[in-house]
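Below: the structure, in structure tokens.
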Amino acid sequence: MNHRITFLLGVLIALLSTGACAETASHPELKVETIDGKTFDLVSHRGNWVVVNYWATWCAPCIAEMPELSAFIKARKDVDGIGLAFEDTERQEIIDFLKKNPVDYPIAQIDVDEPPADFDIPRGLPTTYLIAPDGSVAKQFLGPIKDKDLEQAMSAARPGKGG
């Protein structure tokens, strides 16, 4: 019995030290420099839904979902987006990738060793957060998503709909 408790405590300590048990802040902040040199500040997008999408150039499901995410964000005046390139690569590689795979939302490359503090470290890619107009996290998705997934999460989170 003592060995089992010791083992479980060791696992818990390891998880805590890697940040794997970190929780996304209920009203996360995110202020990053985008690839085009502008600043994206999540707080300044209050009043709109915001899609925060972690992705990488080597991630096939990420690449597959980008056109639909881009079309969804572009088509809706009440939705903004930010793509967070979560990979340790040269900035120019991201720029070259985006020339071949353009999107209609800003992209920022984030440091994989020091990712944004108010968000969980992605356990897989793509990882997407839907931020409600009040700045709260309405839904977190792991894996590729479709516009219908975002629509359903937005409907579920609207006041008077149980969220």
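The values are calculated or read from the model by the stated rules, or taken from the named source; none is laboratory data. Note that the structure is predicted; figures quoted are calculated from it, not measured. Positions of Cβ are backbone-derived with ideal geometry, glycine not excepted, and every protein chain shown enters the neighbour counts.
The table for this structure:
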quantity: Pairs where the first residue, in region 61-73, is within 11 Å of residue 102 (Cα to Cα) and the second is part of a helix (DSSP H, G or I) and not acidic (Asp, Glu), C-beta under 9 Å, 6+ apart; calculated: 63/97
quantity: Region 131-147, residues that are among the basic types (Lys, Arg) and in contact (Cβ under 8 Å) with a residue 40 or more places away in the chain; calculated: 146
quantity: Every pair of residues 6+ apart whose Cβ atoms lie under 7 Å, when the first sits in region 84-99 and is within 24 Å of residue 130 (Cα to Cα) and in contact (Cβ under 8 Å) with a residue 60 or more places away in the chain while the second is aliphatic (A, V, I, L, M) and in a loop (DSSP other than H, G, I, E, B); calculated: 98/35
quantity: Residue satisfying condition, being more than 14 Å from the chain's Cα centre (by Cα), of a type outside the set (S, T, N, Q) and farther than 28 Å from residue 148 by Cβ, within set 35, 63; calculated: 35
quantity: Any hit, region 114-130, residues being part of a loop (DSSP other than H, G, I, E, B), in contact with a Gly (Cβ under 6 Å, 6 or more places away or on another chain) and touching a residue at least 60 places away in the same chain (Cβ under 8 Å); calculated: yes
quantity: Given (1) more than 13 Å from the chain's Cα centre (by Cα); (2) outside any helix (DSSP H, G or I); (3) touching a residue at least 60 places away in the same chain (Cβ under 8 Å), number of the condition residue 58 does not satisfy; calculated: (3)
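Table: residues versus (1) surrounded by 11 or more Cβ atoms within 10 Å (Cβ to Cβ); (2) out of contact with any Gly (no Cβ under 8 Å at 6 or more places or on another chain); (3) over 13 Å from residue 128 (Cβ atoms); (4) at pLDDT 95 or above.
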site: 7; (1), (2), (3), (4): no, yes, yes, no
site: 10; (1), (2), (3), (4): no, yes, yes, no
site: 22; (1), (2), (3), (4): yes, yes, yes, no
site: 30; (1), (2), (3), (4): yes, yes, yes, yes
site: 43; (1), (2), (3), (4): yes, no, yes, yes
site: 61; (1), (2), (3), (4): yes, no, no, yes
site: 71; (1), (2), (3), (4): yes, yes, yes, yes
site: 80; (1), (2), (3), (4): yes, yes, yes, yes
